[in-house]
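What follows draws every value from the coordinates through simple rules; no lab data is involved. In this text, all values refer to a predicted model and were calculated from it rather than measured experimentally. Ideal geometry is used to build each Cβ from the backbone, glycine not excepted, and the neighbour counts take in all protein chains shown.
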Amino acid sequence: MGEGQGGGIRWAGPGTVRVAAVRLSGAHRVWASYMGVPAAVDAAFLVTDGGALVGRGYYTSVEELAEVVDLSALTPY
């Protein structure tokens, strides 16, 4: 997760869907904890659509991510 100024890797999906691999620190840690992500998890996929969280927003595995996003439709950006 060292790419880009934000330190994460990002993908675009259909419409305004965006997926980013993020470190769970600072505000991301607070939001992820609020959404039920265990404290021991230090990174997750953040999913938004038009800036709004999709589902619980933070997904800790590709399997969880695939339940809310069509992975084949994602392209890096």
| note | Per the filter on region 57-77, residues surrounded by fewer than 16 Cβ atoms within 10 Å (Cβ to Cβ) and either under 17 Å from SER25 (Cα atoms) or hydroxyl-bearing (Ser, Thr, Tyr) (or both) are SER61, SER72, THR75, TYR77
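From the residues in region 56-76 that are part of a helix (DSSP H, G or I) and of a type outside the set (A, V, I, L, M), which one is farthest from THR16 (Cα to Cα)?
Residue satisfying both the conditions and the ranking: GLU63.
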| field | Filtered residues of region 35-55 (kept if without any contact (Cβ under 8 Å) to a residue 40 or more places away in the chain and within 10 Å of the chain's Cα centre (by Cα)) | value | ALA44, PHE45, LEU46, VAL47, THR48, LEU53, VAL54
